[in-house]
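The values are calculated or read from the model by the stated rules, or taken from the named source; none is laboratory data. All of these numbers come straight from a predicted model, not from anything done at the bench. All Cβ positions, glycine included, derive from the backbone under ideal geometry; neighbour counts span all protein chains shown. With ligands, DNA and RNA removed, areas are computed over all heavy atoms of the protein, side chains included. Shrake-Rupley method; radii C 1.70, N 1.55, O 1.52, S 1.80 Å.
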Amino acid sequence: MSSLFPLPDDVFPLGGELPVRRLGYGTAQLTGPGYWGPRGARQDAVAVLRAAVEQGVTLVDTADNYGPGLAEELVAEALHPYREDLVIATKGGVVRTSDSAWHVAGRPEQLRAMCEASLRRLRTDRIDLYQLHRFDPEVPMAEQLGALDVLRQEGKIRYIGLDTLTADQLEQALSLTGIASVQNRFNLLDRSSDAVLRLCEAHGLAFLPWFPLANGALTGDAAAALTGIADRHGATRGQIALAWLLHRSPVLCPTPGTGSPAHLAENLGAREIRLSAEDLSSLETLAPA
C-alpha cells in the first residue's frame, strides 16, 4: 500500500523538473454529454478556465476529443498567451465520431496528425505534456511510443504521458522511452490501479487520476461515511475525497473538472485540508475489498 502523507506537498516536479501544483483543472466538463459539443455558453467556459488559473492552478488537462477540438480551443481562448508557470496537458490517440462512439487510432501518421492539430488549436509550438489516450491494440507499442518520441525530438512535445494502462504495460513502456505521467481511474471507491500507482511512485511519475470524485458518486448517498469527517473539517464530502488523494501519495495530481465557478472554488479548497491519521484510517476502509 502506498504511504500516507499527513502534510502533502503542494507541488510535483513533472518530468523531474517542471513544477506543477498538484491540484489541477480538467476540461472535460466544459463539453456536453459524451464529451460532445458545448455544455453551455462559451464565455462561461472561458471565465471558469481563467478563474482556475487566477486561483493558483498551474496544470490544465484537456484532450483533442473533448468536443471534439472544442476544449483545446477554449483553453487557448481563455489562457493564451500562456503564463510561464502554466503547464498545458492534452491527449491524442482516440477519435470520437458521436457522443457515444469512439475508436483508438495509434498509427504513427495518425498520432502525428492529431498532435499537430492540437498544437494549432492550443496556439503553441510545444505541448508540455502529450498523453496517449489509449494504446491501439492493432499497433505495436514501440511504434506508438516511437512516434511520440520523434515528436518530442522535434520539439513539438516536452513530455510523454499514458492513459489507462496496466502495470505490465507501464513497465514495458518505461523500457522503451521516458514517460512523465500516467492517467488511470483512481479514487476513494476505486483503487484497482494501486499497482500502477506504486510504479509511478518508484519511477517519479505523476499520476493524474481520472474520475477523482468517482463521477459524482462520492458526493452522493453512497459515500455517507464521508459526512462525519467533512463536518469536522467544515468541508464538503467532495473536498475530503480530493484531500484524501493529495494525502494518499505524493505523485497523485488530481485534475477535477467543472463548469461552475462555485464548484471550482470548492474543489480548490481541498488544498487547505489537513487530514488526521484517524481521518485517513477511516477513509482507507471505504474502498470495496
Scoring only Lys, Arg, Asp and Glu (+1, +1, -1, -1) among other residues with Cβ under 12 Å from the Cβ of Asn215 yields 0
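How far, in nm, would the chain grow between Ala47 and Thr227 when pulled straight, counting 0.36 nm per residue and subtracting the alpha carbon separation? Write down the numbers at each step before the final one.
Values: separation 180, 0.36 × 180 = 64.80 nm, distance 3.10 nm.
Between Ala47 and Thr227, full extension yields an extra 61.7 nm.
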The answer for Val94, listing residues at least 5 apart or on another chain whose modeled amide H is closer than 5 Å to its amide H, is Ala105, His133
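Send over the Kirkwood Rh of segment 134-289, from the inverse of the averaged 1/r over different Cα pairs, rounded to one decimal Å.
On the way: mean 1/r = 0.0592 Å⁻¹.
About 16.9 Å, per the Kirkwood formula over Cα pairs.
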Tilt, helix 108-122 to longest principal axis of the chain (alpha-carbon atoms), in degrees rounded to tens, equals 70 degrees
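Largest first, what is the accessible-area ranking of Arg198, Arg248 with a 1.4 Å probe?
Values: Arg198 110, Arg248 5 Å².
Descending accessible area places them as Arg198, Arg248.
Per residue, how much accessible area does segment 143-289 have with a 1.4 Å probe, in Å²? Write down the numbers at each step before the final one.
On the way: 5630 Å² over 147 residues.
Value returned for segment 143-289: 38 Å² of accessible area per residue.
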dims of segment 76-194, Cα set, principal axes, largest to smallest, nearest Å -> 38, 35, 32
Taking the chain and counting helices only, DSSP H stretches of n ≥ 4 at -39,500 (n - 2.57) each over all residues, the nearest-500 ellipticity at 222 nm comes to -11000 deg cm²/dmol
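Only loop residues by DSSP count here, and only those with at most 13 other Cβ atoms within 10 Å; note down the trypsin sites (Lys or Arg not before Pro) in segment 71-115 that meet that. Could you put the intermediate results ahead of the total?
Working: sites: Arg83, Lys91, Arg96, Arg112; in loops: Arg83.
Here the trypsin sites (Lys or Arg not before Pro) that fit, given the DSSP loop and packing criteria, are Arg83.
Compare Glu171, Glu77 by solvent-accessible area with a 1.4 Å probe and give them largest first, with all protein chains kept in place.
Details: Glu171 100, Glu77 70 Å².
The ordering from most to least exposed comes out as Glu171, Glu77.
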At the level of C-alpha centres, the distance separating segment 214-289 and segment 64-96, in angstrom, is 26 Å
For Ser175 the rounded accessible area (nearest 10 Å², probe 1.4 Å, non-protein molecules ignored) is 90 Å²
